[in-house]
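Each value in this text was obtained by applying a stated rule to the coordinates, not by laboratory testing. Because the structure is predicted, anything quoted here is derived from the model rather than measured. No Cβ is skipped: glycine too gets one built from the backbone with ideal geometry, and neighbour counts run over all protein chains shown.
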Amino acid sequence: MIGRSHSPLCIASLGISLSAALSAQALTIADGNMSFTTGVLAAVSHSPPTADLRSDPLAVDHAFEHGWFYRVAGDARELSLRNIGPVTGGVTPFLTHADRDFGDVDSRGLLRANIDFDTYDAGPTSGVITSRLTMVNISLAPVTLDLFCYNDLDIGNTFADDVVTGNGTTHVVTDWTGVRIEIRAPGADHSDVLAYPAVRNALTNVLVDNLSDSLPPFSGDYTGAFQWSNRTLQPGEQRSWTVIFAVDTAANRVPIVAAYGSGSHLAPEIYTDTLPLQDNSSLRQFGVHLKGALPNAPVGLASNTSSAPGVPFLSVVLWVDPNPPIQFPIGMTTASGESGWVFVVPSSPYLTGFPIYHQWFYADNSTPNGVAGYTGGLMTEIGRL
């Protein structure tokens, strides 16, 4: 980053462990020439983490800051996801996935948060980065919240010369270098594109601020944000929001990953550490993993192309359609309560947009039904660049 005038899978019943990383450390992921770094989390201030986004052999940096903010109904301001409460993070051994896990956001006893980052190289100078926030209500009452994703890009390692087009859910940013980065925020309710530091100030001041729908076109020093408003999570419910950065690629059908629903209790989590994306040159593997389950317990993965809104059976709410699901009997969880399964995604245009829903089940006599522990659902949609 140049000086800136801004001041203020392997197939197995094993989880893929993250390399050790302190919660406050920067995390870097890479695939080919595509790389992304999310900086150190703030411990006190609400400043967003720094960010680096590189996509070519020269490693030119196109980003300055990227971060998530939230506001619970009744809060007096927006709050960033900071290094408060139990926070862990790490990068997978193959370096294409990183996550930050906030066990109790701001130590309020209301929300658990997970931010997952993935990268995919689509060529020598192109690819995608995804930033996905999953919120889980860990309280005993409904929680209504607003979510914000803030982005500051400096195309070509310069600022003040950005040209932006787009709409309320897509910002397309370029400059004289010709590098084009498309930022997508599916389902966003509001959006702003303003010169630095207007959007940043609105999210970090001590007032309640909603985005004003100041939309492209825009020319100058790009900063932008997206807002999802008044989302209510019931106790135990989880939901995901995703922002996609497509660098010099059309990304007509980007892969989608979203957690939803609720599990038997808060401990078991379903997640993926790879994008469900077709590879133009070879078969691509896509992993669906489990953590937080009972150790050494019988475990299985249900996957199907449809999802039920909720089918009660022995007090288990089946989010994956049980008529019939595709069952993968995995065996036993590990001594740390993990498991995993890998799918192979063939390179076929007919699979583009293909949805698959997943849910883990494992033996757990402590659940209300006395039979099975289970995760919430994971919806995945196969993408193609």
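Rounded to a whole number, what is D in µm²/s for the range 99-192 from Stokes-Einstein with the Kirkwood radius over alpha-carbon pairs (4 °C, 1.567 mPa s)?
Values: Rh = 15.9 Å.
My calculation gives 82 µm²/s for D.
Could you check the spin-label model distance between Arg231 and Thr169? Points 7 Å from the Cα along Cα→Cβ, value in nm.
The two pseudo-label positions are separated by 1.3 nm.
Full extension from Arg108 to Ala59: what is 0.36 nm times the residue separation minus their Cα-Cα distance, to one decimal in nm? Can you show the working numbers first?
Working: separation 49, 0.36 × 49 = 17.64 nm, distance 4.01 nm.
Full extension from Arg108 to Ala59 adds 13.6 nm.
Residue farthest toward the positive end of the dipole of the chain, with Cβ of Lys/Arg at +1 and Asp/Glu at -1: which of Val345, Gln238, Pro329?
Pro329
What dipole magnitude, in Debye to the nearest 20, does the range 199-303 give about its Cα centre under +1 on Lys/Arg Cβ and -1 on Asp/Glu Cβ? Intermediate values should be presented prior to the final figure.
On the way: 6 positive and 8 negative charges, 47 e Å.
With only Lys, Arg, Asp and Glu charged at Cβ, the dipole is about 220 debye.
Considering amide H positions built from the backbone, and no H for Pro or chain starts, which residues 5 or more places from Ala63, or on another chain, come under 5 Å of its amide H?
Leu53, Asp154
In nm, give the distance between the simple-model label positions of Tyr350 and Val40, each being 7 Å from the Cα along the Cα-to-Cβ direction.
Each label point lies 7 Å from its Cα, and together they span 5.4 nm.
Run a plain Debye calculation on the range 97-145 (Cα atoms as equal point scatterers, no solvent) and give log10 I(q)/I(0) at q = 0.19 Å⁻¹, rounded to two decimals, same order as the q list.
Treating every Cα as an identical point scatterer, log10 I(q)/I(0) equals -0.66.
Show me, for the range 272-278, the HN-Hα J-couplings you get by feeding each phi into the Karplus relation (A = 6.51, B = -1.76, C = 1.60, θ = phi - 60°), rounded to Hz, glycine and proline as x.
Along the range 272-278, the couplings run 10, 10, 9, 7, x, 10, 6 Hz.
Which order do the peptides 156-163, 123-130 take when ranked by the mean count of other beta-carbon atoms within 10 Å per residue, highest first? Working shown, then result.
On the way: 156-163: 18.4, 123-130: 21.0.
The peptides rank, most packed first, as 123-130, 156-163.
Quick one: if the Förster radius is 56 Å, what FRET efficiency do Ala26 and Asn365 give, using the C-beta to C-beta distance and rounding to 0.05?
Numbers: r = 42 Å, r/R0 = 0.76.
So, using R0 = 56 Å, E works out to roughly 0.85.
Pop out the ³J(HN,Hα) list for the range 176-187 in order, Karplus 6.51 cos²θ - 1.76 cosθ + 1.60 with θ = phi - 60°, rounded to Hz; leave Gly and Pro as x.
Here the 3J(HN,Hα) series is 5, 6, x, 5, 10, 10, 9, 9, 10, 9, x, x Hz.
So if R0 is 30 Å, what FRET efficiency would Ala141 and Val206 give, r being the distance between their Cβ atoms, rounded to the nearest 0.05?
Working: r = 26 Å, r/R0 = 0.87.
Between Ala141 and Val206 the formula returns 0.70.
Order of 50-57, 342-349 by packing, highest average Cβ count within 10 Å first?
Working: 50-57: 19.9, 342-349: 14.2.
Averaged packing, sorted descending, gives the order 50-57, 342-349.
Could you give me the percent of Cα pairs per 5 Å distance bin for the range 38-83, shortest bin first, beginning at zero and ending with the bin that holds the maximum distance?
Result returned by the calculation: 5, 21, 21, 18, 13, 10, 6, 3, 2, 1.
P(r) tail for the range 155-305, what percent of Cα pairs lie past 27 Å?
Details: 4786 of 11325 pairs.
In whole percent, the long-distance tail amounts to 42.
Non-local amide H neighbours of Arg180 (under 5 Å, H modeled in plane, Pro and chain starts lacking H): which ones?
Asp248
Can you give me the relative contact order of the range 140-255 as a percent, contacts being Cα pairs under 8 Å and 6 or more apart? Mind dumping the intermediate values first?
Working: 245 pairs, mean separation 43.1, N = 116.
This gives 37 percent for the range 140-255.
Ala195 versus Asp213, label points 7 Å from Cα toward the beta carbon: distance in nm?
Modelled inter-label distance: 2.5 nm.
Which whole-angstrom value gives the distance between the alpha carbon centres of the range 193-264 and the range 110-173?
6 Å
How large is ³J(HN,Hα) for each residue in the range 55-71, as worked out from phi by the Karplus curve 6.51 cos²θ - 1.76 cosθ + 1.60 (θ = phi - 60°), to whole Hz, x for Gly and Pro?
Along the range 55-71, the couplings run 9, 9, x, 7, 6, 5, 8, 10, 10, 10, 8, 8, x, 10, 10, 9, 8 Hz.
Considering the values [x] 4, 18, 20, 18, 18, 14, 6, 1, 0; [y] 4, 18, 25, 23, 18, 10, 2, 0; [z] 5, 24, 34, 25, 10, 2, 0, which represents P(r) over Cα pairs in 10 Å bins from 0, in percent as calculated for the structure under consideration?
Recomputing P(r) over Cα pairs in 10 Å bins from 0, in percent here picks out [z].
With +1 on the Cβ of every Lys and Arg and -1 on the Cβ of every Asp and Glu, and nothing else charged, how large is the dipole of the chain about its Cα centre, in debye rounded to the nearest 20?
Working: 18 positive and 35 negative charges, 141 e Å.
That gives the chain a dipole magnitude of about 680 debye.
Taking amide hydrogens as modeled 1.01 Å from N in the peptide plane, which residues meet the under 5 Å criterion relative to Ala42, leaving out close sequence neighbours?
Counting only residues 5 or more places away or on other chains, the set is Asn83.
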